[in-house]
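Asks: Have a look at this one before I ask anything.
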Amino acid sequence: MNLKIKYLYALCISFLFTAQSGFSQSAKGNLPQIKVSKNQHYFVTESEKPFFWLGDTGWLTFSKLDRAGVDQYFQDRKQKGFNVVQIMVLHNLNAVNVYGDAALINEDAAQPLTTPGSNFDNPAEYDYWDHVDYTLDVAQKNGIYVAMVPVWGTNVSKGNKVSKEQAQKYAKFLADRYKNRTNIIWLNGGDTHGNEFTDIWNSIGNTLKTNNSKQLVTFHPFGRTDSSENYHNATWLDFNMFQSGHRRYDQDTLPNSFKEDNYKFVQRDLTLKPTKPTLDGEPSYEGIPHGLHDTLQPKWTANDVRRYGYWSVFAGAAGYTYGHNAVMQMFRKGDKPAYGNKELWTSAINAPGAGQMVYIKKLMLDFPYLERIPDQSLIANQGEKYDYQIATRGKKYALIYTYTGRKITVNMGKISGTKVTASWYNPRNGEKTKIGIVDNKGTKEFKPSGKKEDGNDWVLILSSK
């Protein structure tokens, strides 16, 4: 159908989208609903099973991937252990998907462009929102939750293209259309300053939460900022998310910034009341230049994304989101590259860091998860910057991470038992190497193999017999 004709057709039925929305949702094979754990630090399923958030940033999936691409992407992420993918619903108000279907009528957020039916073989029926539904179904089949940004922050912050009234109507459309979905999490905001246009972000958050209280909602903020700075006490915010950003220590001139020390966001958030889970929703991407915009700068590597992951999780985060420069923009042949990217997304999904993320999830779930707490008192010499070491423990286990292979000096006796088994865990391949059984008292030194250098990272495991 001609796009102009489709616009006119859609105008006639635009007020019917709520009524028809239920028909586009699959009730079969629903994933367990995710909720906040009773101790308010982590996520669990509705049956109280621990859920470790291992996310990927597939921001432009809805607009740039066709059905075959959607299938390929989610199958790959399932195989690599990811269970959350972060996606923009609307990158821009003129959003059009790979099939030429516009998301909105006249770029008006209050008027989603929907048509009756969802037959892909009939262009008159299949629309932008049907393709979103298809993607959600594929994610569900692969055991993946989709953390969706309703509208990217620049559409509000630059030119104020979305009013509070439009935002509220749009959020109501989303809430109604996806009310029966159990694999949706909402990321309000979208790389934007939380202290600006708070009336709009609060309107979206309140509308989503009020109309579907079981779907988790948070706020995806601007780089080096945190949802807790502006919305921690908002009734719609279930957990905190921060963006530790893409700059090096020496590139960051912001006052009072945590710089690359993303674990400090977690440490701060866990002191706030009421207690809410927190996680790094956008650390430095693998394959993106240091600082983002200067393509002559070195690129962040698998080493860096591991460091951000272990630092934040051991500090007490409820999970971690990985990202790759090519994958986050779903870069295809012929696309105009952003941030100096030249790699196709179909190749970049196999980047080293993407394959290594599952090992942090496996490690955390190998031990009693919900009792886990951060505990820096385990470490006698914590170090600074890349030499920083970080520890987490339960009643009968302790885990200590070193990014540089620096010797770990442990204050023993923090977990139960007179003897403990010590092992090394390799974050690059998930292999364990037993060190031996040691007395659980005094101070003990453990030296990882290899020389001291960035990226020679190890986890020391201490486990009670």
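The values are calculated or read from the model by the stated rules, or taken from the named source; none is laboratory data. Bear in mind that the values here come from a model prediction, so they are computed numbers and not experimental data. Cβ atoms come from the backbone with ideal geometry, glycine included; neighbour counts cover every protein chain shown.
Asks: Anything in the range 42-57 that is more than 30 Å from Gln329 (Cβ to Cβ) and in contact with a Leu (Cβ under 7 Å, 6 or more places away or on another chain)? List them, or say none.
Replies: Tyr42, Pro50
Asks: Among the listed residues Ala315, Ala391, Ala338, identify the single one that is hydrophobic (A, V, I, L, M, F, W, C) and not assigned by TED's automatic domain parsing to the domain that holds Lys276.
Replies: Exactly one residue qualifies, and that residue is Ala391.
Asks: Given the condition closer than 21 Å to Gly189 by Cα and within 17 Å of the chain's Cα centre (by Cα), answer yes or no: does some residue in the range 298-307 qualify? Working first, answer last.
Replies: Step one: of the range 298-307, the residues closer than 21 Å to Gly189 by Cα are none.
The answer is no; no qualifying residue exists.
Asks: For Phe331, which of the numbered conditions (1) aromatic (Phe, Trp, Tyr); (2) part of a loop (DSSP other than H, G, I, E, B); (3) surrounded by fewer than 20 Cβ atoms within 10 Å (Cβ to Cβ) fails to hold?
Replies: Of everything listed in (1) aromatic (Phe, Trp, Tyr); (2) part of a loop (DSSP other than H, G, I, E, B); (3) surrounded by fewer than 20 Cβ atoms within 10 Å (Cβ to Cβ), Phe331 misses just condition (3).
Asks: Can I ask one more? Does Val85 fit the bill of being touching a residue at least 60 places away in the same chain (Cβ under 8 Å) and under 24 Å from Ala348 (Cβ atoms)?
Replies: In short, yes.
Asks: Looking at the range 379-403 only, could you name the residues that are closer than 17 Å to Ser312 by Cα and either surrounded by 21 or more Cβ atoms within 10 Å (Cβ to Cβ) or among the hydrophobic types (A, V, I, L, M, F, W, C) (or both)?
Replies: Ile379, Gln389, Ile390, Ala391, Thr392, Arg393, Ala398, Leu399, Ile400, Tyr401, Thr402, Tyr403, listed by residue number.
Asks: Right, here's the next one. Scanning for something out of contact with any strand residue (DSSP E or B) (no Cβ under 9 Å at 6 or more places or on another chain), in a loop (DSSP other than H, G, I, E, B) and among the basic types (Lys, Arg), does the range 211-220 turn up at least one residue?
Replies: Residues of the range 211-220 that are out of contact with any strand residue (DSSP E or B) (no Cβ under 9 Å at 6 or more places or on another chain), as a first pass: 211, 213.
Filter once more, keeping what is in a loop (DSSP other than H, G, I, E, B): 213.
Filter again for among the basic types (Lys, Arg), leaving none.
No, the range 211-220 has no match at all.
Asks: Has the range 293-303 got any residue that is assigned to a helix (DSSP H, G or I), touching a Lys or Arg at 6+ places or on another chain (Cβ under 9 Å) and of a type in the set (Gly, Ala, Ser)?
Replies: yes
Asks: For residues that are surrounded by fewer than 18 Cβ atoms within 10 Å (Cβ to Cβ) and either more than 25 Å from the chain's Cα centre (by Cα) or of a type in the set (Lys, Arg) (or both), scanning just the range 365-378, find the one that is farthest from Thr278 (Cα to Cα).
Replies: So, considering only residues that are surrounded by fewer than 18 Cβ atoms within 10 Å (Cβ to Cβ) and either more than 25 Å from the chain's Cα centre (by Cα) or of a type in the set (Lys, Arg) (or both), the one farthest from Thr278 (Cα to Cα) is Ser377.
Asks: So which residues in the range 256-293 are crowded, with 20+ Cβ neighbours inside 10 Å and small (Gly, Ala, Ser)?
Replies: Scanning the range 256-293 gives Gly281, Ser284, Gly287.
Asks: Another question, then. Contact list please: Cβ distance under 9 Å, first residue in the range 231-250 and outside the structural domain of Gly323 (by TED's automatic domain parsing) and over 23 Å from Gly323 (Cα atoms), second residue at pLDDT 95 or above and surrounded by fewer than 20 Cβ atoms within 10 Å (Cβ to Cβ), pairs at least six apart or on different chains.
Replies: none
Asks: Now, a different point. In the range 120-143, is there at least one residue being in the same structural domain as Gly189 (by TED's automatic domain parsing), under 25 Å from Ala167 (Cα atoms) and free of Cβ contacts under 8 Å to residues at least 24 places away in the same chain?
Replies: Within the range 120-143 (the criterion being in the same structural domain as Gly189 (by TED's automatic domain parsing), under 25 Å from Ala167 (Cα atoms) and free of Cβ contacts under 8 Å to residues at least 24 places away in the same chain), the answer is no, since none of the residues qualifies.
Asks: How many residues does the range 230-264 hold that are aromatic (Phe, Trp, Tyr) and farther than 25 Å from Asn202 by Cβ? Talk me through it step by step, then tell me what you get.
Replies: Residues of the range 230-264 aromatic (Phe, Trp, Tyr): 231, 236, 239, 242, 249, 258, 263.
Subsequent filtering for residues that are farther than 25 Å from Asn202 by Cβ retains 249, 258, 263.
Total meeting the criteria: 3.
Asks: Tally time: how many residues in the range 251-269 are among the aromatic types (Phe, Trp, Tyr) and either in contact with an Asp or Glu (Cβ under 8 Å, 6 or more places away or on another chain) or without any contact (Cβ under 8 Å) to a residue 24 or more places away in the chain (or both)?
Replies: Count: 1.
Asks: Ok, one more. Just to confirm my filter: which helices (runs of 4 or more DSSP H) fall fully inside the range 100-196 and include at least 1 residues that are within 24 Å of the chain's Cα centre (by Cα), of a type in the set (Ser, Thr, Tyr) and surrounded by fewer than 22 Cβ atoms within 10 Å (Cβ to Cβ)?
Replies: 128-141, 154-157
Asks: Still on this structure, I have one more. Considering each residue of the range 219-230, count those that are touching a residue at least 60 places away in the same chain (Cβ under 8 Å) and within 27 Å of Pro32 (Cα to Cα), and give that number.
Replies: Total meeting the criteria: 1.
Asks: Separate question: Residue under question is Leu216, and the condition is that it be under 15 Å from the mean Cα position of the chain (by Cα), closer than 25 Å to Thr182 by Cα and buried (at least 20 other Cβ atoms within 10 Å of the Cβ); does it hold? Break it down stepwise before answering.
Replies: On the way: under 15 Å from the mean Cα position of the chain (by Cα): yes; closer than 25 Å to Thr182 by Cα: yes; buried (at least 20 other Cβ atoms within 10 Å of the Cβ): yes.
The answer is yes for Leu216.
Asks: If you check Gly153 against the conditions, is it over 17 Å from Asn212 (Cβ atoms) and free of Cβ contacts under 8 Å to residues at least 60 places away in the same chain? It would help to see each step written out before you state the result.
Replies: Numbers: over 17 Å from Asn212 (Cβ atoms): yes; free of Cβ contacts under 8 Å to residues at least 60 places away in the same chain: no.
For Gly153, the condition - over 17 Å from Asn212 (Cβ atoms) and free of Cβ contacts under 8 Å to residues at least 60 places away in the same chain - is not met.
Asks: When the range 239-256 is examined, which residues are found to be within 30 Å of Gln215 (Cα to Cα), part of a loop (DSSP other than H, G, I, E, B) and not aromatic (Phe, Trp, Tyr)?
Replies: Selection gives Ser244, Gly245, His246.
Asks: Being under 26 Å from Ile200 (Cα atoms) and among the small types (Gly, Ala, Ser) is the filter here; which residues of the range 67-125 pass it?
Replies: Result: Ala95, Ala102, Ala103, Ala109, Ala110.
Asks: Determine the pairs where a residue that is free of Cβ contacts under 8 Å to residues at least 40 places away in the same chain, located within the range 382-393, has a partner that is among the basic types (Lys, Arg) and surrounded by fewer than 24 Cβ atoms within 10 Å (Cβ to Cβ) with Cβ atoms under 6 Å apart, the partner being 6 or more residues away or on another chain.
Replies: Between residues of the range 382-393 that are free of Cβ contacts under 8 Å to residues at least 40 places away in the same chain and residues that are among the basic types (Lys, Arg) and surrounded by fewer than 24 Cβ atoms within 10 Å (Cβ to Cβ), the close pairs are Asp387/Arg406.
Asks: Could you tell me which numbered condition Gly190 fails, if it satisfies all but one of (1) without any contact (Cβ under 8 Å) to a residue 60 or more places away in the chain; (2) farther than 28 Å from Thr402 by Cα?
Replies: Of the numbered conditions (1) without any contact (Cβ under 8 Å) to a residue 60 or more places away in the chain; (2) farther than 28 Å from Thr402 by Cα, the odd one out for Gly190 is (1).
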